[in-house]
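What follows is a short report on a single structure.
No lab work stands behind these numbers, since they all come straight from the coordinates. Fair warning: this is a prediction, and the values are worked out from it, not measured in the lab. Reconstructed Cβ throughout: ideal geometry from the backbone, glycine too, with neighbour counts over all protein chains shown.
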Amino acid sequence: MEQVIQLEKVNKWYDDFHVLKDIDLSVQRGQKIVVCGPSGSGKSTMIRCINRLEAHQKGHIVVHNTELTNDLKNIDMIRKNVGMVFQQFNLFPHLSVIDNISLAPIWVKKMPKKEAEDIAMSYLEKVKIPEQAQKFPGQLSGGQQQRVAIARSLAMNPDIMLFDEPTSALDPEMIKEVLDVMIQLAEEGMTMLVVTHEMGFAKTVADQMIFMDEGKIVEQATPDEFFNNPKSDRTKLFLSQILNH
Amino acid sequence: MQTNFLRKIIFDEKSRSLLIQTLVIGLFALFIYLIAQQTAYNLEKRGISSGFDFLNLSAGYDISIRLIPFTSEDTHFRAYFVGLLNTLMIAVCGCFLATIIGFLVGVIRLSSNWLFRNIAYVYVEFTRNVPVLLQIILYYSILLHLPKIKQAIEIFDGFFLTNRGFFSPSPIFKEGFSLVLWSFLIAIIASILIKKILKKKQEQTGQQYPIFLINSALIIFTPILVYYIMGRPLEFDAPVLKGFNFKGGMVIRPEFLGMLFGLSIYTAAFISETVRSGIIAVSKGQREASQALGLKNNLVMRLIVIPQALRVIIPPLTSQYLNLTKNSSLGIAIGYADLVHGFGGISLNQTGRAIEIMLMVMLTYLTISLTISLFMNIYNKSVQFKGNA
């Protein structure tokens, strides 16, 4: 198996608040990893470090054999191969759906407009809303917006996808349509790192579960072991709280 | 039946609001009518004549700053136009300069450079908290304390700074210069076409072209080339000191410069705050999403941040343009010959037609302001989002 992401003793501080403490993580090509944990545990910060939306201060992050440093060239290269989906969608409200998706292929990959729009349409079909192509983000439901955001990321043809609580801002009814798209993506072999509390999704998709608390990885295990036989007491407490309601 | 009808009028939501509105409009019309009638009666009783016939009388005063020829023999009506053009000139130049300074300072206020950021901060807090009238007088006084004509500071060959204004050579157009102007015009049209063609080419091939650079070069160098081909059909008449004043050349008066600096530096402080808030108002998530897609910082600014910031910037920017335009009436304080100073001041004193003149001046400002609003609103509509984002 080819290793695509490696975190080695990664540390990060916000002023004197220690957010990430000696994080070690290794992701193989095609692996799906679900990260969970209480709020403030550093899960979002960790995946945001992987495409340098946040800078770590100690340790090493290597993506595709390229180490993330202040080197802008490296950052650009890594961002081209790593897609990201946000909790708040972050679609560009002044652009139509199809322009949202074709923007990066046109300006970053310097693709002809026609070709970029064809690609955008194909991804819109994949997330099952091709009929919304000419609408603006403000005219779509939350679930549709998040699917557009996924299509926008995929249009850059990344080989790793990061999901930062992609369903947390959605109404319960819309969660499924987004998760369905993510499951389909997983089945196609995409390398995925997902921060989520959707445990049903985790059981279906994850190869590995990671539980974080207070900036540390407390437990890492297969879903089977994680849900049925968690080792640490903190994990047991967390699972009992989110599963028994 | 009767009571039912009355009841319906008073308690039905629609008919009641219609009733109230009709009453209010009626009372307001009556009020205006009474005032107009009373005023006409008072004027007649005191033997003050009214009407607009004075417009055709000779004005009897000179206007130093003018865009169209004017002598003291010309009519008050022509004086009105001289003033109007001066008001428009200061408003247009002021808005233009204020926008440039405002955008620059607004961006600098967000810069990561501590020194620049704080200089901009001090500038904004100082200028927007001191009355604009005082600032206009300050800049005017500074300009008046420049050296006298005899000791004029020569900045370049033929350019002089004096307490009577900024003297510079005036261009004399000779035969063939119109070709240079035409070539300039053609270059502009060509650049628009080139932009379209290159945009289309980008859409087809994906290749990005430095459109702005190509077109700037085209627009700048074409007229220069034609100018040399035509054997330099342009001469300059440099101002020369003769006796107590400069002869020849042209001059920008200190009154105009004082107004321009005062108004634009003052208004730019407000515009910079508007620009800053507009840029801040674009959520951090927008920038993060663009970066995650691999867009470089200048593209993030150009394609994502600025189009969204404009949406927030335009409405308050309109107010600032309106403020600047109306504040230009402060020209009366330093003798800038705008609408209020000449027509609204001297003509009024000479003819005594205060009501007519003030009405004309007010309606003129109203028209200018509404025109600015109209165009800014059209522009504003084009930058708003669709849907409820």
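For residue A:84, the residues whose modelled amide H falls within less than 5 Å of its own, excluding neighbours fewer than 5 places apart on the same chain, are A:162. Rounded to the nearest 20, the Cβ-based charge dipole of the protein assembly as shown about its Cα centre (Lys and Arg +1, Asp and Glu -1) stands at 1320 debye.
Straightening the chain between residue B:377 and residue B:213 buys 55.9 nm, computed as 0.36 nm per residue apart minus the Cα-Cα spacing.
Once Rh for segment B:1-144 is found with the Kirkwood sum over Cα pairs, what is the Stokes-Einstein diffusion coefficient at 20 °C and 1.002 mPa s, in µm²/s? Diffusion coefficient, whole number: 96 µm²/s. Taking a straight line from the alpha carbon of residue B:326, these lysines sit under 28 Å away, with near neighbours fewer than eight places off in the same chain left out: B:381. Counting other Cβ atoms within 10 Å as a rough exposure proxy, the listed residues B:31, B:52, A:136 run B:31, B:52, A:136 from fewest neighbours to most. The alpha carbon gyration tensor of chain B gives principal lengths a ≥ b ≥ c with a/c of 1.5 or higher and a/b no greater than b/c, which makes the shape oblate. Here's the list of lysines a cross-link from residue B:150 could span, going by alpha-carbon distance under 29 Å and ignoring same-chain residues fewer than 8 apart: B:242, B:247.
The relative contact order of segment B:123-225 comes to 17 percent, based on Cα pairs under 8 Å that sit 6 or more residues apart.
The residue among A:140, B:291, B:185 whose Cα reaches farthest toward the positive pole of the charge dipole of the protein assembly as shown, with charges on the beta-carbon of Lys, Arg, Asp and Glu, is B:185.
Couplings 3J(HN,Hα) for segment B:315-321, derived from phi with the Karplus relation 6.51 cos²θ - 1.76 cosθ + 1.60 (θ = phi - 60°), are x, x, 5, 4, 4, 5, 4 Hz, where x marks Gly and Pro. Averaged over peptide A:103-112, the number of partner chain Cβ atoms lying within 10 Å of each residue's Cβ comes to 6.
With a 10 Å cut-off around each Cβ of A:87-96, the average count of Cβ atoms from other chains is 6.
For the pair residue A:242 and residue A:24, label points projected 7 Å from Cα toward Cβ lie 2.4 nm apart. I'd like the distance separating the alpha-carbon centroids of segment A:178-245 and segment A:42-57, in whole Å. The two parts, judged by their Cα centres, are 19 Å apart. Peptide B:280-292 shows a mean partner chain C-beta count of 6 within 10 Å per residue C-beta. Computed from Cα positions, the angle between helix A:97-107 and the longest principal axis of chain A comes to roughly 80 degrees. Residue pairs exceeding 23 angstrom between C-alpha atoms, taken from A:32/B:296; A:43/A:236; A:73/B:199: A:32/B:296; A:73/B:199. For segment A:172-201, backbone nitrogen atoms closer than 12 Å to the point 7 Å from residue A:141 Cα along Cα-to-C-beta are found at A:172-178.
The 3J(HN,Hα) values that the Karplus relation (6.51, -1.76, 1.60; θ = phi - 60°) gives for segment B:28-34 are, in residue order, 5, 5, 4, 4, 4, 4, 4 Hz. Gly and Pro appear as x.
Think of each Lys and Arg Cβ as +1 and each Asp and Glu Cβ as -1; about the Cα centre, that makes the dipole of segment B:1-133 roughly 620 debye. Candidates B:265, B:10, B:239 compared by Cα position along the dipole of chain B: farthest toward the positive end lies B:10, with charges placed on Cβ.
Mind checking the dipole of chain A: about its Cα centre, +1 per Lys or Arg Cβ, -1 per Asp or Glu Cβ, Debye to the nearest 20? That gives chain A a dipole magnitude of about 440 debye.
Under 5 Å from the amide H of residue A:139 lie the amide H atoms of B:388, each residue being 5 or more positions distant or on a separate chain, with H modelled from the backbone and absent for Pro and chain starts.
Of the residues A:107, A:13, B:114, the one with the fewest other Cβ atoms within 10 Å heads the list, and the complete ranking is B:114, A:13, A:107.
The modelled label-to-label distance between residue B:96 and residue B:72, using points 7 Å beyond Cα along the C-beta direction, is 3.4 nm. Taken along the Cα-to-beta-carbon direction at a fixed 7 Å, the label points for residue A:188 and residue B:8 span 6.5 nm.
In chain A, the longest principal axis of the Cα atoms and the axis of helix A:172-187 are about 90 degrees apart.
Gain on full extension, evaluated as 0.36 nm per residue between residue A:74 and residue A:197 minus their Cα-Cα distance, stands at 41.1 nm.
Would you mind telling me the antiparallel percentage of the DSSP bridges in the protein assembly as shown, rounded to 5? Numbers along the way, then the final one.
Details: 37 of 55 bridges.
Restricted to the protein assembly as shown, the bridges split so that about 65 percent are antiparallel.
Split chain A at each of the GluC sites (Glu not before Pro) in a DSSP loop with at most 13 other beta carbon atoms within 10 Å, and the longest piece is A:3-187.
P(r) tail, segment B:2-48: Cα-Cα pairs separated by more than 15 Å, 62% of all pairs. The local environment of residue B:249, defined by Cβ-Cβ distances under 14 Å, has a net charge of 0 under the rule Lys, Arg +1 and Asp, Glu -1.
Compute the Cα gyration tensor for segment A:63-217, then decide on rounded, prolate or oblate, letting a ≥ b ≥ c be the square roots of its eigenvalues: rounded whenever a/c is under 1.5, prolate when a/b is larger than b/c in the other cases, and oblate in all that remain. The shape class here is oblate. Which net charge results for the neighbourhood of residue B:380, defined as the other residues with beta-carbon distances under 15 angstrom from its beta-carbon, given Lys and Arg at +1 and Asp and Glu at -1? Residues close to residue B:380 contribute a combined charge of +3.
Label segment B:114-229 by shape, choosing from rounded, prolate and oblate, from the square roots a ≥ b ≥ c of the eigenvalues of the Cα gyration tensor; if a/c is under 1.5 it is rounded, and otherwise prolate applies when a/b is larger than b/c, oblate when it is not. Please report the intermediate quantities before stating the final value.
Details: a/c = 3.51, a/b = 1.44, b/c = 2.44.
Cα axes put segment B:114-229 in the oblate bin.
Listed by chain and number, the aspartates and glutamates whose alpha-carbon sits under 18 Å from that of residue A:231, ignoring those within fewer than 8 places in the same chain, are A:207, A:213, A:214, A:219.
For the protein assembly as shown, the residue among B:365, B:81, B:312 whose Cα projects farthest onto the positive side of the dipole built from Cβ charges is B:81. Sequence-ordered 3J(HN,Hα) estimates for segment B:122-138 from the Karplus curve with 6.51, -1.76 and 1.60 and θ = phi - 60° stand at 4, 4, 4, 5, 5, 6, 7, 9, 10, x, 5, 4, 5, 5, 4, 5, 4 Hz, glycine and proline given as x. Taking other Cβ atoms within 10 Å as a rough exposure proxy, A:43, A:113 sort from fewest to most as A:113, A:43.
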